[in-house]
Amino acid sequence: MANGSVPDLASSMPHDFRRGVGAALPVCIGYLPIGLAFGVLAQKAGLSVIEIGLMSVFVFAGSSQFIAVSMIAQHAGILAIMMTTFIVNLRHLLMSSSLAVVIPPSGKRVLSLFAYGITDESFAINHPLFKTGGWNMTSALSMNYAANMAWILSTMAGGYGGQYIPENAFGLNYAMTAMFICLLVYQLRERIHVVTAILSGFVAVILYLVVPGNGYIVLAALAAATVGTVIKRSGRRTSTRKS
């Protein structure tokens, strides 16, 4: 039976690969306009097409790349850019921890390849499919890397075309703000999320008036997240006592 399972696995790989690429198509279509907008903004910030491509390869995180390019355009320091993007990407630790519970046992090399492709979009597809048991690593890796290629190529295309687009044309300078609004809306699943988001914005505005640089963003996010966690835990304790 063990010997017979090898050809079965090999024959299923094209099917699993096609499933992964098919699942990635909506993500690729969504990456296209955002990637083009990022490429244009990065080109306006002074990055070459090669540098834009390398950033997309080594970072592969839309929100962090938008933030980094915005800070580069404002001549922010390297340490400030690194710390800001690091904090923004901390959510990947939570996504990875959640995926670790549902993915099948895999070797370190496979897990390293899979970890590279974890994004908000790939997590949203991979996690429920792994959880239901109808998904495997071949499909997951195919999905991750198809989306990865779409992001890299779209950002480089935007970087190349950016030289032919005037500054602030088509409202592209609003692209980062629009993307974060979209990401925020997807996160608002419970009332506590709405409260935390409003509190974060309110605290950020206040700290903006007294804290120099971009540090007010991180401080506001930490403060709002802390308060939101305390409120959520208090609500759970109250409901437990009533029950």
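Things worth noting here:
- Computed 3J(HN,Hα) for region 29-35, one whole-Hz value per residue from the Karplus formula 6.51 cos²θ - 1.76 cosθ + 1.60 where θ = phi - 60°, is 5, x, 5, 4, x, 5, x, glycine and proline marked x.
- Karplus-based coupling profile of region 49-56, in residue order and whole Hz: 4, 5, 5, 5, x, 5, 5, 5, with θ = phi - 60° in 6.51 cos²θ - 1.76 cosθ + 1.60 and x standing for Gly or Pro.
- Geometric extent, Cα atoms of region 80-152 - Rg, Dmax (angstrom): 12.7, 42
- Estimated FRET transfer efficiency when R0 is 51 angstrom, pair residue 195-residue 80 (beta carbons, to 0.05): 0.95
- Pairwise FRET efficiency - residue 233 versus residue 54, Cβ, R0 = 51 Å, nearest 0.05: 0.75
Every number in this text was worked out from the coordinates using simple rules, so none of it is lab data. Please read all numbers here as calculations on a predicted model, not as lab measurements. Cβ coordinates were reconstructed from backbone atoms using ideal geometry, including for glycine residues, and neighbour counts include every protein chain displayed.
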